[in-house]
Amino acid sequence: MGYYAALDIGTNNCRLLIAQKNDRANNGAGDHNNFTILDSYADAVLLGDALYDTGMISKAAMQRCIDVLKICANKIDEYPTIKTRAVATATCRTAGNGNDFIEQANQQTGLNIDIISQAEESRLACISCKPLVHPKSDYCVIFEIGGGSIQLSWVDTKNGNYQLLGHISLPIGILLATSRFGPEAIDEALYQQLAAICHPYLHEFNALHDIDSHIKQSNVQLISASGTPVTLACLLLRMNRYIRYKIDGKQFLTADILNIAQMLRMQTMEQRSKYSVIGAERMRLAGMGAALSEIILRQWQIPHIYIADRGQREGILRDMLENVSEGR
């Protein structure tokens, strides 16, 4: 059985998954049907902390990220004949020194990191969510709120199909928006300001694919591949600590998640601190994540949301395994 590593360098976090291909599905801990997770590592590097103000990756953020990448590289080196894919997303795409940073990171860590396009980022998010598609769904809206951008995908899922029909990237994310507007409570005036940034992109995407009409005439499924809706679901279930199997792949009422999002984004940092499941590390970004989630959820009248705790890493792993299965 082969070993596979997926490394995702985002605007907020650097995340690694190492997995082993299953010859057959099992029900053990960490099993994801066709692979089993052997190791997982994540750290907040805040690579895009200066991006809004300077358009560049700061030297301090570069060093933070490279230090974490060295840890990831050492973990990968523990496995023989491992197949690895390492990707960087929004911050490295947009920063004036993004390419220079990746070249430096590759030299210092021995990794081979690629800056992927918006289209590839959407494709990988869709791949990660594929196991969550309901057999009776006709289409899916999949959204992923990152630190530097928001990816939206429109997927044809009729009759067991799974075809990405279109995607759009919104140039706003949790870390960039927090850097611009601050981490404190998001009142109605600031919420409307954020909505005004997002709405032209959402309306364009909606009109291009006639999503509203499809929602009225067919079964459209809504899937989140973002971290914030995971947090919102934890708060809805009154969790003191995160339990993945109670959240990942589960269906929630969109109205319930919306109510929690509105509550959280209007709270102060001090009020948010009472939720141990959020954690001090994410406290500063939680309000903005809730606001951006609320904006997207209010765009479409879809009664249920499926929440995935997956994202780029799992998409990379599934993509590599599908390519191996097909002999590519």
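The values are calculated or read from the model by the stated rules, or taken from the named source; none is laboratory data. This structure is a prediction, so every number in the text was calculated from the model and none was measured. Using ideal geometry, Cβ is built from the backbone for each residue, glycine included, and neighbour counts are taken over all protein chains shown. The protein model used for the area step is the full one, side chains on, heavy atoms only, and it has no ligands, DNA or RNA in it. Shrake-Rupley method; radii C 1.70, N 1.55, O 1.52, S 1.80 Å.
Side notes on the structure shown:
- Within segment 21-33, restricting attention to residues that are closer than 12 Å to GLY2 by Cβ and either open to solvent by less than 50 Å² (accessible area, probe 1.4 Å) or part of a strand (DSSP E or B) (or both), the residue that is modelled with the lowest pLDDT is ASN22.
- Elements of the type helices (runs of 4 or more DSSP H) sitting completely within segment 36-103 and holding at least 1 residues that are without any contact (Cβ under 8 Å) to a residue 12 or more places away in the chain, farther than 24 Å from ILE168 by Cα and open to solvent by 50 Å² or more (accessible area, probe 1.4 Å): these cover 51-54, 59-77.
- Members of segment 104-143 found to be acidic (Asp, Glu) and in a strand (DSSP E or B), listed by number: ASP114
- Against the test of being at positive phi, charged (D, E, K, R) and at pLDDT 95 or above, the options ASP187, ASP210 yield a single qualifying residue, ASP210.
- Taken together, SER179, SER149 contain a single residue that is open to solvent by less than 20 Å² (accessible area, probe 1.4 Å) and among the polar types (S, T, N, Q), which is SER149.
- Per-region count, segment 65-85, residues of a type in the set (S, T, N, Q) and either more than 27 Å from LEU46 (Cβ to Cβ) or in contact with a strand residue (DSSP E or B) (Cβ under 9 Å, 6 or more places away or on another chain) (or both): 2
- Tally of residues being open to solvent by less than 10 Å² (accessible area, probe 1.4 Å), at pLDDT 95 or above and touching a helix residue (DSSP H, G or I) at 6+ places or on another chain (Cβ under 7 Å) across segment 106-140: 1
- Summed over segment 200-223, the residues that are surrounded by fewer than 16 Cβ atoms within 10 Å (Cβ to Cβ) and in a helix (DSSP H, G or I) give a count of 9.
- Residue in segment 66-76 that is among the basic types (Lys, Arg) and within 18 Å of the chain's Cα centre (by Cα) present: no
- Considering SER128, SER137, the condition of being under 28 Å from LEU264 (Cβ atoms) and of a type in the set (Ser, Thr, Tyr) is satisfied by SER128 alone.
- Subset of segment 252-293 that is in contact (Cβ under 8 Å) with a residue 40 or more places away in the chain and among the β-branched types (Val, Ile, Thr) - its residue that is most open to solvent (accessible area, probe 1.4 Å): THR268
- Helices (runs of 4 or more DSSP H) (entirely within segment 236-328) containing at least 3 residues that are hydrophobic (A, V, I, L, M, F, W, C): 254-265, 280-297, 312-325
- When restricted to residues that are in contact (Cβ under 8 Å) with a residue 24 or more places away in the chain and within 18 Å of ILE215 (Cα to Cα), segment 159-183 contains 5.
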